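This report concerns only the one structure given below.
The values are calculated or read from the model by the stated rules, or taken from the named source; none is laboratory data. Just so you know, these numbers come straight off a predicted model, no measurement behind them. In this analysis, Cβ positions are derived from the backbone assuming ideal geometry, glycine residues included, and neighbour counts consider all displayed protein chains. SASA here: full protein model, heavy atoms, side chains in, ligands and nucleic acids out. Shrake-Rupley method; radii C 1.70, N 1.55, O 1.52, S 1.80 Å.
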Amino acid sequence: MENTVKYLKEKTNNFNPETGIILGSGLGELADEYCNYAVPYSDIPNFIKSTVKGHKGRLVFAEINNKKTVLMQGRNHFYEGHSMQEITFPVKVMKALGVKTLILTNAAGAVNESYKPADLMIITDHINNMGSNPLIGPNDDTLGERFPDMTEVYKKDLIELAEKSANKLGMDIQKGVYWANSGPSYETPAEINMIRKLGGDAVGMSTVPEAIVANYCQIDVLGISCISNAASSATGEKLSHEEVIDTTNKAKAKFKSLILEVISNL
Ligand code: HPA
C-alpha cells in the first residue's frame, strides 16, 4: 500500500482526490474527457491489469466541475480469477489518497420487469451472492472493524442527491436492489426467477466487493447501474457481451450527465 500510494502521489504531483468513481463496462468515456493525469494499471505497483473488452485499465485523476476526482477506467472482476482482496485493493488505495465518496457504476441485467434496456438504476441496497467476501482474512483494525455494519452501505443522502439530479435533468430513473453473482456465465431463466422472488431488481458481476470494502473503511457509496439488457427469462433471447456494450453505449450520454450533475453537488 505504501509503495502504491507513494508512486501515485509522485505521478500526479500530489493530487488529492476527494471523490472516486469506478466506471463499469462501456461507461469509461468520462475518463477520456476529463483527465489531468492518467496512470495505466500495469505501471502501478500491486495493481492488476484489466483484461475485459470495453474496460481500458487506467487510473485517471481529473478535476471535474472543481471536484478533485480519481476514476478507475475499467475494473477487475472476481470471475477473471483474481481474489476478492485483489479486486478491492484499489478502494483501499482511494481511501489512502483521501477519497470520501465513491461512485460505483456497472452494467447490469434487468430482473425487475418494469425496467428497460438503457435505463439507469440507483442502487438502494445489494445482495451478495458471489460466494465470497473481500473482508475474509486477517483484519486491519486501522482501516475498519472486524464485523462491519451493513445497514446503509448506499448512503440515503447520496441516493436522494442522485434522484434529484436525474429529476433536474428531466431523466427517468429507477431505484432498486443490485444482486451480484460471480459470473462469468450469465443467468439461466430459473436463476432470474429466483433472483426476482428474493428481491433483486438488477443482476451483475461486480460492485458488491468494492461497496463492502468502501463501507468497511468509511467511504460513502453511491451506486448506479446501467441496465444493459432484459434478464434472460423475460425475452427468451440469447445474451452476449456485445449487446451489453452496445446498450451501455446508447445510455452513456445520459449516464455521463447524471454523474456530472451529482459530482457538482457533492
Ligand atoms: N447478468 C449478469 N451480469 C450482467 C448482465 C446480466 O444479465 N448484464 C450485464 N452484466
Practice prompt. Place a +1 charge on the Cβ of each Lys and Arg in the chain and a -1 charge on the Cβ of each Asp and Glu, then give the dipole magnitude about the Cα centre in debye, rounded to the nearest 20.
Written response: 420
Worksheet item: Rg and Dmax of the range 143-196 over Cα atoms: what are they, in angstrom?
Response: 16.2, 43
Item to complete: Any chance you could tell me what percent of the C-alpha pair distances in the range 1-89 go past 23 Å?
Response: 18
Discussion item. So with the 1.4 Å probe, I'd like the accessible area per residue for the range 90-176, rounded to whole Å².
Written reply: 49
Worksheet item: Within straight cross-link reach of K92, meaning Cα distance under 12 Å, which aspartates and glutamates are found once same-chain residues fewer than 8 apart are removed?
Response: E2, D140, E210
Worksheet item: How would you classify the range 91-245 from its alpha-carbon gyration tensor, with a ≥ b ≥ c the square roots of the eigenvalues: rounded for a/c under 1.5, else prolate if a/b is greater than b/c, otherwise oblate?
Response: oblate
Worksheet item: For the pair T151 and Y79, what calculated FRET efficiency results from E = 1/(1 + (r/R0)^6), where r is the Cβ-Cβ distance and R0 = 35 Å, to the nearest 0.05?
Response: 0.80
Practice prompt. Run down the aspartates and glutamates and flag those whose C-alpha is under 14 Å from the C-alpha of K155, throwing out any fewer than 8 positions away in its chain.
Written response: D125, E163, D220
Worksheet item: Per-residue ellipticity at 222 nm for the chain, helices alone: DSSP H runs ≥ 4 residues times -39500 (n - 2.57), over residue total, nearest 500 deg cm²/dmol?
Response: -10000 deg cm²/dmol
Worksheet entry | Relative contact order (percent, whole number), the chain, Cα cutoff 8 Å, 6+ residue spacing | 26
Worksheet item: With springs only between Cα atoms under 10 Å, which of T207, T151, T124 fluctuates most in a Gaussian network model of the chain?
Response: T151
Worksheet item: What is the pair-distance distribution P(r) of the chain, computed from all Cα-Cα distances in 5 Å bins starting at 0, with each bin given as a whole percent?
Response: 1, 6, 14, 18, 21, 18, 12, 6, 2, 1, 0
Worksheet item: At what distance in angstrom do the alpha carbon centres of the range 131-185 and the range 13-83 lie from each other?
Response: 18
Worksheet item: Using a 1.4 angstrom probe with every protein chain in place, what is the largest-first accessible-area order of K9, K156, K256?
Response: K156, K9, K256
Worksheet entry | Gaussian network model of the chain, Cα within-10 Å springs - most flexible of L239, L102, L71 | L239
Worksheet, complete the sentence: Treating only Lys and Arg (+1) and Asp and Glu (-1) as charged, each at its beta carbon, one finds that the range 78-232 has a dipole about its Cα centre, in Debye to the nearest 20, of 220
Worksheet item: On the accessible surface of the chain, probed at 1.4 Å, how many percent belong to carbon and sulfur atoms?
Response: 48
Item to complete: Using Cα positions and a limit of under 22 Å, work out the lysines in reach of K252, with same-chain residues fewer than 8 apart set aside.
Response: K53, K56, K67, K68, K116, K164, K168, K175
